[in-house]
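Contents: one structure, followed by commentary.
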Amino acid sequence: KILIIGASGQIGSELALRLRELHGNENVIASDIKEGSEELMTSGPFEIMDATDGDGIANLIEKYSITDVYLMAAMLSATAEKMPMKAWNLNMDSLFIILNLAKEKKIKKVFWPSSIAVFGPSTPRQDTPQTTIMEPTTVYGISKQTGERWCEYFFNKFGVDVRSMRYPGIISYKTLPGGGTTDYAIEIFHEALRSGKYTSFLNEETALPMMYMKDAIKATIDIMNEPAENVKVRSSYNLSAMSFTPKELAEAIKKEIPEFEIDYKPDFRQAIADSWPSSIDDSAARADWNWEHEYDLKKLTQAMLEGLKESFSLENK
Ligand code: VAH
């Protein structure tokens, strides 16, 4: 059975629903410190759980005979800068709990997401390589870089089967953005439909690696289904689908909503974005476990607008 920790979050919630489709509702236990969507709460088992509660998590694993854990709980880049020690404790304590349970053979397989935030200003910014210099300047990035080191250590030292990928900015419409620096690329779609204009907190030329949620969910499930011997990178795989700037995203939206307008008022998140790569080389993931993205900027824009129109009309019913 599968346990998702952080199941009410942006990725966790869609991952839980997709895994329930694939494995059956009762075989996917969702847990989070806060309740999730109606659909998440009612479609299968849900447990209120703090990701740093070691005993609580050990009890869940026992209670449901869990074999696979997806640890999706974390504090993201922008929020983490406001409370560094709280972010460090959440992001690291939750990982140690799961790695140690796997070392004690109480869990068979672990998924833990890293992020392009592990790269810093000294990292080559174009087509950032799988192995390169990493001097992250954000609390979130430092926690993800450290987490990668620990995942590789537990794999090499104790044979823990933990798999990881460095998510780029993930774009989705089913949940509201959660404290990330790439969230402008989600907010912009809500505003394009609600007010027809958006003020971007990143400047127009800031290119960042991005991916539509469907591709991120597919990659996550694919790497977990891949035979262990093919998962050669046990720190974390580079992963990407596209890169775009706020200006390019606005142009893509204008193709669907001609009267849409954007202006730019960079805030503290500009410095975070400036420390990250503008594009990623994910050839290792494509070679080792056949990673292949499906959504490009045009398809992402259409999917986001359609999805939001649908959820707005449901809201207004
Ligand atoms: C963030 N969405 O902005 C996350 C992600 C690469 C970006 O880590 O913090």
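The values are calculated or read from the model by the stated rules, or taken from the named source; none is laboratory data. From a predicted model like this one, the values you see are computed outputs, not experimental measurements. Because the Cβ atoms are built from the backbone with ideal geometry, glycine has one as well, and the counts that use them run over all protein chains shown. We work out accessible area using only protein heavy atoms, side chains counted, and drop any ligands, DNA or RNA first. Shrake-Rupley method; radii C 1.70, N 1.55, O 1.52, S 1.80 Å.
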Checked Glu306, Glu248 against criteria (over 26 Å from Ser77 (Cα atoms) and away from the ligand (no atom under 16 Å from the Cβ)); the one match is Glu306
Residues of segment 98-128 satisfying the condition of being closer than 14 Å to Asp53 by Cβ and either part of a loop (DSSP other than H, G, I, E, B) or open to solvent by 30 Å² or more (accessible area, probe 1.4 Å) (or both): Asn100
Is it the case that some residue within segment 168-178 is in a loop (DSSP other than H, G, I, E, B), closer than 19 Å to Ile280 by Cβ, away from the ligand (no atom under 11 Å from the Cβ) and open to solvent by 30 Å² or more (accessible area, probe 1.4 Å)? no
Contact list please: Cβ distance under 7 Å, first residue in segment 207-220 and farther than 20 Å from Gln270 by Cα, second residue more than 13 Å from the ligand (Cβ to nearest atom) and open to solvent by less than 10 Å² (accessible area, probe 1.4 Å), pairs at least six apart or on different chains. Tyr212/Leu300; Ile217/Leu15; Ala219/Trp291; Thr220/Leu15; Thr220/Phe111
Taking segment 290-310 and keeping only residues that are surrounded by 14 or more Cβ atoms within 10 Å (Cβ to Cβ) and part of a helix (DSSP H, G or I), one is left with Leu297, Lys299, Leu300, Thr301, Gln302, Ala303, Met304, Leu305, Gly307, Leu308
Would you mind stating whether Ala192 is crowded, with 24+ Cβ neighbours inside 10 Å and more than 16 Å from the ligand (Cβ to nearest atom)? yes
Has segment 250-260 got any residue that is free of Cβ contacts under 8 Å to residues at least 12 places away in the same chain, open to solvent by 10 Å² or more (accessible area, probe 1.4 Å) and among the basic types (Lys, Arg)? yes
What is the one condition in (1) more than 9 Å from the ligand (Cβ to nearest atom); (2) assigned to a loop (DSSP other than H, G, I, E, B) that Thr181 does not satisfy? (1)
Return the pairs, sorted by first residue and then second, in which the second residue is among the charged types (D, E, K, R) and more than 8 Å from the ligand (Cβ to nearest atom), the first residue lies in segment 164-192 and is under 18 Å from Thr245 (Cβ atoms) and free of Cβ contacts under 8 Å to residues at least 60 places away in the same chain, the beta carbons are less than 7 Å apart, and the residues are 6+ apart or on different chains. Glu191/Lys197
Can you list the strands (runs of 3 or more DSSP E) lying wholly within segment 1-58 that have 2 or more residues being in contact (Cβ under 8 Å) with a residue 60 or more places away in the chain and under 13 Å from Ala74 (Cα atoms)? 2-5
